[in-house]
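Take a look at the structure below.
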Amino acid sequence: MDLTSYVENLRQELAGVAELGGEESRALAERLAGPLESALRLALLDALAAAAAEITRDLAPGSVELRLRGREPSFVVTPPPTGPDFAGEPDVAAPAVPPPADAEEGATSRISFRLSEHLKGRVEEAAARDGLSVNAWLVRAASAAVAASGTARQPQRRAPRGGERFTGWAR
């Protein structure tokens, strides 16, 4: 995605507005245009990253990531997993996980999360296999788990027996 056209459009708008103020305003706008370009690019990248995070929240367990190559951003979309390993039925797409009804739009929070070294390594491997950051992978896994627990009846706890069979998906 090329941000140059957006930056150039803003530069032209600034020059047009400065013309209304006379020669002194036009000269000031020209001096400000250079430093504003970097600030505008950064603001656009922040907006794109926020949009990717919001789409990821709505797309979970899929994800959208914003990546930079040089100065240009690009999006990487990882669709929700499909197939017999995920849904338990052949070629059935996973349902989209809606955001919680009480969540504010765009609100995020930070938590501390402690894992054993072994599990942390396995999470990092799984995230790398899926082409995701560890954070995006954990958000996807947590969203899928919350969605599954909200739609399925919770089994009663009982003592484990030998030879029990478990079904589901894992990566």
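Each reported figure results from applying straightforward, stated rules to the coordinates on display, with no laboratory input. Keep in mind the model is a prediction, meaning the values are calculated, not measured. Here the Cβ positions follow ideal geometry from the backbone for every residue, glycine too, while neighbour counts run over all protein chains shown.
For the reader, a short list of remarks on this structure follows.
- R0 of 30 Å, Cβ-Cβ distance Gln12-Ser133: FRET efficiency to nearest 0.05: 0.25
- Per-pair calculated FRET efficiency, R0 = 30 Å: Ser149 and Phe75 via Cβ, rounded to 0.05: 0.50
- Computed lengthening from Ala43 to Asp58, 0.36 nm per intervening residue step minus Cα-Cα distance: 3.1 nm
- Volume of the Cα convex hull of segment 4-65, divided per residue and given in Å³: 78
- Once the convex hull of all Cα atoms in segment 30-81 is built, its volume per residue stands at 56 Å³.
- Pair Glu124, Thr108: separation of 7 Å Cα→Cβ label points (nm): 2.1
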